[in-house]
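The values are calculated or read from the model by the stated rules, or taken from the named source; none is laboratory data. The structure displayed is predicted, hence computed values, not measured ones. Ideal geometry is used to build each Cβ from the backbone, glycine not excepted, and the neighbour counts take in all protein chains shown.
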Amino acid sequence: MAWNNWFHLMSNTYGTWPPGDPRGFRTRGHREHVQGDYKQPPPRGRYDDRLARARRLMKRSPVHLPLAARAGAVEAIRHALVDVHGLEMLALAVSEEHLHVLVRLPVVKKPTALRRGLRERDPARYFMGIAKERSAKKLAADGLVAPGGVWAKRGKIVAIVDRAHQVHVYRYILRHVREGAVAWSYREGVLMPAGA
């Protein structure tokens, strides 16, 4: 359960962290145990076959966002989540290969119809989808990325457990500016990397 319904939403751009990546990876729903993670990568060469297969199956080149696209994505995501949907957002960062959002999500009471019956809509996945869709459409319309999509499927959603965790995630997201990300903070507005 999330503390006060705050969540840390994360996603990568298309093709930048495929299955078999030497930095470590996870299978969907953890269906398979994969040795290692990004902090302690798996043994070198352990998943080379899986990485080669993932690259062969890719329909286009990996997406790397130039600075103008990062700034456009930040504005599109902020507009969609804050201005259009009225969510409370503290921080947002878009780097060359990934995004981070710290946002408070509504509690959804109304069930939605699915192929397998009725269940509550997952607001974290729903709003992650909106952020990714709106930013991808804006970047393509502005000619900042090639058509065909920007973001990888799914993403990672972490429930904030307490105030200290929220503050830690807030600072973590804004530190991405040092690595070239364009960020947005409820306090400072848009933050550009040094030299931009």
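Sub-7 Å Cβ pairs linking a first residue in region 170-192 that is part of a loop (DSSP other than H, G, I, E, B) to a second residue that is surrounded by fewer than 18 Cβ atoms within 10 Å (Cβ to Cβ) and among the charged types (D, E, K, R), at least 6 apart or interchain, are Gly180/Glu96, ordered by first then second residue.
Condition check ((1) modelled with pLDDT of 95 or more; (2) under 17 Å from Ala73 (Cα atoms); (3) in contact with a strand residue (DSSP E or B) (Cβ under 8 Å, 6 or more places away or on another chain)) across all residues:
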| site | (1), (2), (3) |
| --- | --- |
| Val107 | no, no, no |
| Leu114 | no, no, no |
| Gly148 | no, yes, no |
| Gly155 | no, yes, yes |
| Arg163 | yes, no, no |
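Among the residues of region 81-98, those identified as part of a strand (DSSP E or B) and either at pLDDT 95 or above or outside the structural domain of Val167 (by TED's automatic domain parsing) (or both) are Glu88, Met89, Leu90, Ala91, Leu92, Ala93, Val94.
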